[in-house]
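The structure appears right after this line, and notes come after that.
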Amino acid sequence: MALLNRLDQYDDLVGDVAAFRSACARPLPDTCWVPNEHRDALAALPPRSLEPLSWTNHGFRITEKDLAFGIHFLLGGLLIQEEAAMMAVGALGLQPGERVLDLCAAPGNKTVQLAAAVGLSGSVVGNDVSAARLQVLRGIVDRFRLAQVHLTVHDGTSFPDRRFDATNEPVRFDAVLADVPCSCEGTCRKNPSVLDLRSLHRTACLPRLQETLLRRAILMTRPGGRVLYATCTFAPEENEMVVDRVLSQPGREGTVSVERIDIPGLQLDPGIDRWNGRALHPSLTHTRRVWPHRNDTGGFYLALLRKDGSPVRSDWPPRTGSGTVDPQALPWSAYALDEPFYRNYRHITTGKRGGRLVHVRSTDVPFNTVSVGMSGLNQKARDPRPSSSLAPLLAHHACAGTAEVPKDAILAFLKRETVVPSELVPPRDRTRYVLVRSGPIRLGLGHVDNAGRVASLFPSHLAGLPVSDWLDRLGG
């Protein structure tokens, strides 16, 4: 109980103190998020371990990580994420085609959800101060095949405030997510050490950083756009008091108003408008606190801000230096791809290391990026071939160069074994690389031999896991 002493200061805020303390002392339930496009695959190979959450069609509680769960995880079909954290992107109210900045993106779970919300016609810039942390996000972008995500490395407090050369108009986003660094008290069910009183001195400077990040987020938002300020802490000093200073002391970033957040099916508490005898802006009661005992989750804080001004949205001129997908060239020509593929995935960009990597993207952004879209082609051999990330996407659009395998062969394919397809449609151009699928479950790239067998080219390591060993443990 010593570690809970730090939470004593919140007794007057939580309602049922005993329930709050009890929840903080219990292990946090495991949950995951599933994108819409993977729902058919999930139904074709249903894990026995997932129970739907009541408030979202995308969320599930994980009661057991069985083999089917592992398969969907490796195929980019589900994202392990704490339930309270799933609320942030939904609170932004994004629409297809919008342009979004994830100011402090790594490790990237919310970036995936932002991309799903804006679709292939939208753009997401995932930014982080740490290039090393963005490498994790780079892997997530590929695993979930996010052609609309572009990564940048900047200190979020000074994210580039640039203008278009031709019009001198500032570059602004429709929405910005500021999920800022915090003292993480709300994660105490996963990591009780965050409540160690000795850690307080390490968090004393956080409110200043959080305020600077929030002001930058507002600056980068167009008039009429939205900013979501989010933390996973209970501390008013890092939550309402940060937003209060921005509301009462606006700067060159512009003024904002607080919008009410409601998420049907969840019990959310209003933000506070008074702390330690100090009155705060009354509209802060429209912000939301997520207490662990209300919905059996972690702790979270959400503040949705609308930037004042006429809701003007300017066009972003395309950047140069990229080509278009050529249906007559390998490897595209081999797979007889349908029209939606060429409509949605318009651009290719040659990467570094001698042009061996080609990225595929659906949209463009006017920023200098460290990565654009998803890994597309590997050009190490004489003819380019689809990457292990691109192949499952192509399998959804291909009318040729496909290998259909029975459901009982999926595990063997993921373990890089040779499988015998139940149906093989030859490529229409010179290649032995085929796109492997099992009904709605798109598996990846294989190499077909003269006997019609398919050698799996599924990555032996994915998401930081040794795939074969990990699947064996889940199956055991």
Practice problem: Mind checking the per residue accessible area of the chain for me, 1.4 Å probe, whole number of Å²? | Solution: 42 Å²
Quiz item: Lys307: which lysines have alpha carbons under 29 Å from its alpha carbon, excluding same-chain residues fewer than 8 sequence positions away?
Solution: Lys110
Practice problem: Please report, as a whole percent, how much of the solvent-accessible surface of the range 136-204 comes from carbon and sulfur atoms (probe radius 1.4 Å). | Solution: 51 percent
Practice problem: With a point put 7 Å past each Cα toward its Cβ, work out how far His396 is from Ser54 in nm, to one decimal. | Solution: 3.2 nm
Exercise. Show Arg432, Arg361 ordered by accessible area, largest first, where the area counts protein heavy atoms only and the probe is 1.4 Å.
Key: Arg432, Arg361
Quiz item: Using a cut-off of 13 Å between alpha-carbon atoms, which aspartates and glutamates can reach Lys415, once sequence neighbours fewer than 8 places away in the same chain are excluded?
Solution: Asp469, Asp472
Quiz item: Arg382 versus Asp269, label points 7 Å from Cα toward the beta carbon: distance in nm?
Solution: 6.9 nm
Self-check item: Helix-only [θ]222 nm of the chain, DSSP H runs n ≥ 4, -39500 (n - 2.57) each, per residue, nearest 500
Solution: -6000 deg cm²/dmol
Practice problem: Take the Cβ-Cβ distance between Gln95 and Arg453 as r, set R0 to 56 Å, and report the resulting FRET efficiency rounded to the nearest 0.05. | Solution: 0.75
Quiz item: Between Ala204 and Gln249, what length in nm is gained on full extension when 0.36 nm per residue of separation is reduced by their alpha carbon distance?
Solution: 14.1 nm
Quiz prompt | Ranking by accessible area, most exposed first, for Thr111, Thr285 with a 1.4 Å probe | solution = Thr285, Thr111
Quiz item: What is the set of long-range amide H partners of Ala463 at a cut-off below 5 Å, with H atoms built 1.01 Å from backbone N?
Solution: none
Self-check item: the range 216-280, relative contact order [Cα under 8 Å, separation at least 6], %
Solution: 33 percent
Self-check item: Exposed-loop-free span, longest in the chain, where GluC sites (Glu not before Pro) count as exposed if DSSP calls them loop and at most 16 other C-beta atoms lie within 10 Å
Solution: 65-416
Exercise. Multiply the residue separation of Asp408 and Arg26 by 0.36 nm, subtract the distance between their alpha-carbon atoms, and state the gained length in nm to one decimal.
Key: 133.7 nm
Quiz prompt | Structure-derived mean projected area of the Cα convex hull in nm² - corresponding label in [x] 23.6; [y] 21.8; [z] 30.3 | solution = [x]
Practice problem: Would you give the gap between the C-alpha center of the range 114-150 and the C-alpha center of the range 446-476, rounded to a whole Å? | Solution: 25 Å
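The values are calculated or read from the model by the stated rules, or taken from the named source; none is laboratory data. It should be emphasised that the depicted structure is a prediction, and the values quoted were computed from it without experimental measurement. All Cβ positions, glycine included, derive from the backbone under ideal geometry; neighbour counts span all protein chains shown. The accessibility values were calculated without ligands, DNA or RNA, using every heavy atom of the protein model including side chains. Shrake-Rupley method; radii C 1.70, N 1.55, O 1.52, S 1.80 Å.
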